[in-house]
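The structure appears below as structure tokens.
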Amino acid sequence: MIESAFPRQLHPYWPRLQHKTRLWLLEKRLMPADKVQEYADGLCYTDLMAGYYLGAPDEVLQAIADYSAWFFVWDDRHDRNVVHGRAGAWRRLRYRLHAALDAPRHHLHHPDPLVAGFADSVLRLYGFLSRTWNLRFARHFHAVIEAYDREFRNRTAGYIPGVEEYLALRRHTFAHWIWTDLLEPSAGCELPAIVRKNPAYRRAALLSQEFAAWYNDLCSLPKEIAGDEVHNLGISLITHEGLSLEESVDEVRRRVEECISQFIEAEEDALRFADSLADGTVQGKELSAAVRACVGNMRNWFSSVYWFHHESGRYMVDTWDDRSTPPYVTNEAAGEK
């Protein structure tokens, strides 16, 4: 369905993007040099962003790609803190990220590379649009941090959330509204609330993100079962709906396919909404074009997510020496020195 209906595209800046993000990971000490050398390109983090935010100025795409790479490294640190029972380390990191989000300039030289790298990437993102966009982004990411805290507590307690509880939490742990917010600097236009909250625009945005989160769950299920995970739609279906592994895979796949077909319908409504904004004024014409660009990139998210999950070493669990320990992570208590 994806390969036929959602042709793959890549931003022309991608080769330089990959190179510069690799250098940024080294400069900010977010991954050991040997891990960057061996795994960074194969993890395809920059491919994911270069296939999504088409049309973005190079500087914007670079900031988004570096932030995205940081997000994956943070996700890995969170996972290792869970696996090794580092509740104190996670609690300190959680508070530091909240503080860095509100005052990134004051955290650029924090001794924990994860905090300093976050501050650097956020400060760059804050430079593209207005203070109101920055505050919205911060509000959305504060919610992401708190969702990660809920996941930490769920996993350490062995608590598997019910399906609806999981889906609500997943919208934050996958950062649905963060990736949607970043459509705006990519289009070079901050969208007013009346546009962002329009049902046609919001539905298309939500469906594109739900697809990505659920397809991620489908592809990461083997990795997460191997790691005794409790946070995956498939695992919630097995536990709370009494499905077998095979049945849960089928159900997640069904939801993914339904998301795709529903998006195609929602996309048409969102594009009609975009056209309605062109009211004959210069401002209306620009806003209409920006909304069309954002909706076009919602469409690009489908192919980018699809190919990322089939090409990234992050999901090739069968090639790992230890199926429960990704080879690109370190198990030391990073940031605690």
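The values are calculated or read from the model by the stated rules, or taken from the named source; none is laboratory data. Being a predicted model, the structure only gives us computed values, none of them experimental. Cβ: placed from backbone, ideal geometry, glycine included. Neighbour counts: every protein chain shown. The area values use the complete protein model at the heavy-atom level, side chains included, leaving out ligands, DNA and RNA. Shrake-Rupley method; radii C 1.70, N 1.55, O 1.52, S 1.80 Å.
Run the numbers for T156 and A103: contour at 0.36 nm per residue of separation, minus the present Cα-Cα distance, in nm.
16.1 nm
At 7 Å along Cα-to-Cβ for each site, give me the label-to-label distance between K285 and H19 in nm.
3.8 nm
Spin-label point model (7 Å from Cα, Cβ direction): what's the T319 to A5 distance in nm?
Output for this residue pair reads 3.0 nm.
So how much slack lies between H84 and E311, counting 0.36 nm per residue of separation and subtracting their Cα-Cα distance, in nm?
Gain in length upon complete extension: 78.9 nm.
With +1 on each Lys and Arg Cβ and -1 on each Asp and Glu Cβ, how big is the dipole of the chain about its Cα centre, in debye rounded to the nearest 20?
1280 debye
Could you work out what % of the accessible surface of the chain is carbon and sulfur, using a 1.4 angstrom probe and leaving DNA, RNA and ligands out of the count?
Here it works out to 52 percent.
Which net charge results when you count Lys and Arg as +1 and Asp and Glu as -1 among the other residues whose beta-carbon is under 10 Å from that of R155?
Local net charge: -2.
For a test of understanding, tell me how many lysine pairs in the chain have Cα atoms under 22 Å apart, given they are 8 or more places apart or on different chains.
6
Across region 245-255, in residue order, what do the Karplus-derived ³J(HN,Hα) couplings come to in whole Hz, using 6.51 cos²θ - 1.76 cosθ + 1.60 with θ = phi - 60° and x for Gly and Pro?
Whole-Hz 3J(HN,Hα) from phi for region 245-255: 4, 5, 5, 5, 4, 4, 5, 5, 4, 4, 5.
Please compute the per residue accessible area over region 10-319 with all protein chains in place, 1.4 Å probe, rounded to a whole number of Å².
42 Å²
Across region 213-222, in residue order, what do the Karplus-derived ³J(HN,Hα) couplings come to in whole Hz, using 6.51 cos²θ - 1.76 cosθ + 1.60 with θ = phi - 60° and x for Gly and Pro?
After applying 6.51 cos²θ - 1.76 cosθ + 1.60, I find 5, 6, 5, 4, 4, 4, 7, 8, 4, x Hz.
What order do you get for 276-283, 207-214 when each peptide is scored by the mean count of other beta carbon atoms within 10 Å, highest first?
For the peptides 276-283, 207-214, the packing ranking is 207-214, 276-283.
For region 72-144, what class follows from the C-alpha gyration tensor (a ≥ b ≥ c being the square roots of its eigenvalues): rounded when a/c is under 1.5, otherwise prolate if a/b is larger than b/c, else oblate?
Taking the square roots of the gyration eigenvalues as a ≥ b ≥ c, region 72-144 is prolate.
In region 171-213, what trypsin sites (Lys or Arg not before Pro) fall in a loop by DSSP, with at most 14 other Cβ atoms inside 10 Å?
When the trypsin sites (Lys or Arg not before Pro) of region 171-213 are filtered for loop state and at most 14 Cβ neighbours within 10 Å, K197 remain.
Each residue of region 58-71 in turn: what ³J(HN,Hα) in whole Hz from Karplus with 6.51, -1.76, 1.60 and θ = phi - 60°, glycine and Pro shown as x?
3, 5, 5, 4, 5, 5, 5, 5, 5, 4, 5, 4, 4, 4
Which order, highest average first, do 294-302, 232-240 follow once you tally other Cβ atoms within 10 Å for each residue and take the mean per peptide?
For the peptides 294-302, 232-240, the packing ranking is 294-302, 232-240.
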